[in-house]
1. Given (1) more than 21 Å from the chain's Cα centre (by Cα); (2) more than 11 Å from the ligand (Cβ to nearest atom); (3) more than 24 Å from ASP125 (Cα to Cα), identify the lone condition not met by TYR149.
2. I want to confirm something. Restricting to segment 214-229 and keeping residues that are crowded, with 18+ Cβ neighbours inside 10 Å, of a type outside the set (A, V, I, L, M, F, W, C) and more than 8 Å from the ligand (Cβ to nearest atom), which single residue is farthest from GLN136 (Cα to Cα)?
3. Only one of (1) in contact (Cβ under 8 Å) with a residue 12 or more places away in the chain; (2) loosely packed, with under 15 Cβ neighbours inside 10 Å; (3) closer than 25 Å to ASP127 by Cβ fails for ALA237. Which number is that?
4. Checking ASP173 against (1) touching a helix residue (DSSP H, G or I) at 6+ places or on another chain (Cβ under 6 Å); (2) part of a strand (DSSP E or B), which single condition isn't satisfied?
5. All but one of (1) part of a strand (DSSP E or B); (2) in contact (Cβ under 8 Å) with a residue 60 or more places away in the chain; (3) of a type outside the set (A, V, I, L, M, F, W, C) hold for GLY130; which doesn't?
6. Residues ASP193, ASP178: which one is within 16 Å of the ligand (Cβ to nearest atom), of a type in the set (D, E, K, R), closer than 28 Å to ASP33 by Cβ and in a loop (DSSP other than H, G, I, E, B)?
7. Just give me the residues in segment 105-138 being within 16 Å of the ligand (Cβ to nearest atom) and either among the β-branched types (Val, Ile, Thr) or under 21 Å from the mean Cα position of the chain (by Cα) (or both), in sequence order.
8. Which residue pairs have Cβ atoms under 6 Å apart, sit 6 or more places apart or on different chains, and have a first residue in segment 246-260 that is surrounded by 11 or more Cβ atoms within 10 Å (Cβ to Cβ) and a second that is aliphatic (A, V, I, L, M)?
Amino acid sequence: MKLRKFSTAKVATIAIMVVAAVLVAGCGSLGSDQNTFSPSGEVAQKQLDLFLIVLVPAVIILIGVFGAMLYIFIRFRRREGDGIPKQIEGNNRLEIGWTILPTILLLGLAVPTIMSVIELGGSPDDDALGVRVIAQRWDWAFDYTDPEYLDADGRPLSTKELYIPIDRDIDFDLEALDVIHSFWVPKLAGKQDVMPGRTNRIWFNATETGVFQGQCAEFCGIGHAGMRFTTTALEPAQFDACLAAIAANGEDPLPAECVP
Ligand SMILES: [Cu+2]
């Protein structure tokens, strides 16, 4: 039997592709802590819906266009003995068709996009919980600005990790003490920059209890990778008990009331 010879470059290319495929496959699963494809809040769900509304038609068009191109390349390829094909200029039906169809498609995409942008850029519900987020190299602090959440000294309670009640909007004021950071809890909402010298706002909510990973999403220096935090979403009564326990005894060790 004759063995086929592969060049070193070919073997190296195949090896790189296999390793890359394995690495990419290891990037996460649907259930993982930071997967935006399995949202745990209304804002993240709306953002995912919008992404899919745009992605699905784009993929259908991509397959259609490349499929048609491939068919035309093969079916009408030049064969031996072919002369110059018949020269055609313009086709009114086609011209009108490929002007009107994209217009309808773009209008169809614009309506849900603009509606979502207005809704998510607006204000949260009136009963939203206020939280002031303070970012600095390289950690986060969360101050609960509603008067019922005070520490032992009567000041707004401040925590190192974030605790929120489920099914209630959380209204965040974002402030940075040094450089630009970015506040991001992937399963609950998209990113929002946190800038020194100005207060940015974002709101979101959680619709299920759990611990969701968050992190700084703007490279802010040598400790950036460690600038992470957890968002613990609790039933409202448990949330109140958790903050009361932290006010009394601190976060370390974590009070049992704060475990979902
Ligand atoms: Cu940062």
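1. TYR149 satisfies every listed condition except (3).
2. The residue in question is GLY214.
3. Condition (1) is where ALA237 drops out.
4. Exception for ASP173: condition (1).
5. With respect to (1) part of a strand (DSSP E or B); (2) in contact (Cβ under 8 Å) with a residue 60 or more places away in the chain; (3) of a type outside the set (A, V, I, L, M, F, W, C), GLY130 is out only on (2).
6. Values: ASP193 fails: in a loop (DSSP other than H, G, I, E, B).
Checking each option against the conditions leaves just ASP178.
7. Step one: of segment 105-138, the residues within 16 Å of the ligand (Cβ to nearest atom) are 133-138.
The answer is VAL133, ILE134, ALA135.
8. Filtered contacts from segment 246-260: ALA247/LEU157; PRO255/ALA245; GLU257/ALA241; GLU257/ALA245; PRO260/LEU234.
The values are calculated or read from the model by the stated rules, or taken from the named source; none is laboratory data. The structure displayed is predicted, hence computed values, not measured ones. All Cβ positions, even for glycine, are placed from backbone atoms using ideal geometry, and neighbour counts span all protein chains on display.
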